[in-house]
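Novice: Quick one: the structure is below, questions incoming.
The values are calculated or read from the model by the stated rules, or taken from the named source; none is laboratory data. Since the model is a prediction, treat every value here as computed from it, not as a measurement. Cβ: placed from backbone, ideal geometry, glycine included. Neighbour counts: every protein chain shown. Accessible surface is based on the protein model in full, side chains and every heavy atom, while ligands, DNA and RNA are left aside. Shrake-Rupley method; radii C 1.70, N 1.55, O 1.52, S 1.80 Å.
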Amino acid sequence: MASGNQTTEVYVYEQVVILISCALSFLGSILITCTYIIWTDLRTRPRKLLMFLSMADLLSAISYSYGVGKIFQSNSWDCILQGAISTFANTSSFFWTVAIAIYLYIFIVKSNQRLADSLMLWFHIISWGVPLGITAAAVCLQKIGYDASEVSVGWCWISIQASDHVLWMLLTGKIWEFLAYLTLPVLYILIKKHIHRAHAALSEYRPILANSNMSQSRSSMADRKMTLIPIIFIALRIWSTLRFLLMLADSPARQSPLLVTLHGIGNTFQGAANCIMFVLFTKPVRSRLLSVICCCRRHTVHRSSDTSIQESPSVDALPARQEDASPRHLAPDLHCIKHVVPHVDIGQMANIGI
């Protein structure tokens, strides 16, 4: 393990890559939150849980970017502040990821939406309260501080000088990470088995099903897509776990530049990964974003065209251009607005994906 205040070197290219990852996660988390707030018909319970997860990931991205950009060398006040914020946000992200899996298991496998919805208050108490309590205890006992990048990439976490730093590393993150590794695959496998059995049973009656059942199928498929969150979580977090285990074994491999870079990306890319999967790769949400972009672009083009016409010396010779103020001229903008804010009924709600 590192001794004294000698910081493990973090190369410039590692900083650049991880800062880019932080920026993408920041933007992805903002986009997930905005889509939930702007489009009310997308406010399903799974998307609400995803939004809370995105809030934790957003806080993580901000705190990690500060630490990676500065590369702390001692237990300064901003080192402790950054370590406390990232500890809280990172641990909260673990809890929200497990909460999403529990909700989907009860909702899909147990077919008990009322029970799943009743757990929302407990999800908030546990996912925000437990990380806050652990972080507050660590700060009060002066356990958070400079860690010489032993299990970080420039940012502060648990002080490497604390005699019981391994215990506090477990309490402030790793033990919850290990529990998530055990819990998420079990819940995910049970959900997948249930979905496969349902599809097999449905295929026998598909020829005689009414079209009204199609919307219900699409709606349930949207919720099931949320099960990909645990897979993303494990794929990103495994590098941090590996470095922690290598630290316990006092292996120099934990400072491998490739492993350090993967650790930095894994800890900071969660928000961006969720955005790619549940915004950019989800057709209903993606089509709405494209409609907004098209509207803004067309509106800009129309304004530029109108300005150039008004400033043209020959405008007086073209009185017919006054018709541009008619409703026909505004039709493209109105058409875009219909796509951005469509009329929503129960049938259309089933087509809203996650």
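Conditions tested, residue by residue: (1) within 26 Å of Leu31 (Cα to Cα); (2) small (Gly, Ala, Ser); (3) in a helix (DSSP H, G or I).
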{"site": "Phe52", "(1), (2), (3)": "yes, no, yes"}
{"site": "Leu58", "(1), (2), (3)": "yes, no, yes"}
{"site": "Ser63", "(1), (2), (3)": "yes, yes, yes"}
{"site": "Ala84", "(1), (2), (3)": "yes, yes, yes"}
{"site": "Phe88", "(1), (2), (3)": "yes, no, yes"}
{"site": "Ile102", "(1), (2), (3)": "yes, no, yes"}
{"site": "Leu115", "(1), (2), (3)": "no, no, yes"}
{"site": "Ala138", "(1), (2), (3)": "no, yes, yes"}
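Novice: Starting from the stretch 73-84, keep only residues that are surrounded by 12 or more Cβ atoms within 10 Å (Cβ to Cβ), then list their pairs with residues that are part of a helix (DSSP H, G or I) and of a type in the set (Gly, Ala, Ser) whose Cβ atoms are within a distance under 6 Å, requiring at least 6 positions of separation or different chains.
Specialist: Pairs that qualify, where the first residue is surrounded by 12 or more Cβ atoms within 10 Å (Cβ to Cβ) and the partner is part of a helix (DSSP H, G or I) and of a type in the set (Gly, Ala, Ser), are Gln82/Ser63; Gln82/Gly67.
Novice: How many residues are open to solvent by 80 Å² or more (accessible area, probe 1.4 Å) and under 15 Å from Ser256 (Cα atoms) if we restrict to the stretch 7-27?
Specialist: Residues in the stretch 7-27 being open to solvent by 80 Å² or more (accessible area, probe 1.4 Å) and under 15 Å from Ser256 (Cα atoms): 4 in total.
Novice: Find the residue count for the stretch 265-295, including only residues that are under 12 Å from the mean Cα position of the chain (by Cα), of a type outside the set (S, T, N, Q) and part of a helix (DSSP H, G or I).
Specialist: 8
Novice: Under 6 Å between Cβ atoms, which residue pairs at least 6 apart in sequence (or on different chains) link something in the stretch 1-27 that is on the phi > 0 side of the Ramachandran plot with a partner that is at pLDDT 95 or above and surrounded by 12 or more Cβ atoms within 10 Å (Cβ to Cβ)?
Specialist: Taking only residues 6 or more apart or on different chains, not a single pair turns up.
Novice: A follow-up question, please. Looking for something under 16 Å from Gly266 (Cβ atoms), touching a residue at least 24 places away in the same chain (Cβ under 8 Å), among the β-branched types (Val, Ile, Thr) and crowded, with 17+ Cβ neighbours inside 10 Å - is there at least one such residue anywhere in the stretch 53-70?
Specialist: yes
Novice: Suppose we filter Ile20, Ile80, Ile37, Ile71 for residues that are within 30 Å of Tyr188 (Cα to Cα) and of a type in the set (Val, Ile, Thr); which single one remains?
Specialist: After ruling out the rest, the residue left standing is Ile37.
Novice: Of all residues in the stretch 28-48, which are hydrophobic (A, V, I, L, M, F, W, C) and either assigned to a helix (DSSP H, G or I) or open to solvent by 30 Å² or more (accessible area, probe 1.4 Å) (or both)?
Specialist: Ile30, Leu31, Ile32, Cys34, Ile37, Ile38, Leu42
Novice: Mind telling me which of the residues Ile191, Ile102, Ile144 ends up being under 22 Å from the mean Cα position of the chain (by Cα) and either small (Gly, Ala, Ser) or within 24 Å of Asp57 (Cα to Cα) (or both)?
Specialist: Residue meeting the stated conditions: Ile102.
Novice: From the list Ser127, Ser118, Ser93, Ser111, exactly one residue is out of contact with any helix residue (DSSP H, G or I) (no Cβ under 6 Å at 6 or more places or on another chain), on the phi < 0 side of the Ramachandran plot and either buried (at least 18 other Cβ atoms within 10 Å of the Cβ) or among the polar types (S, T, N, Q) (or both). Which is it?
Specialist: The unique qualifying residue is Ser118.
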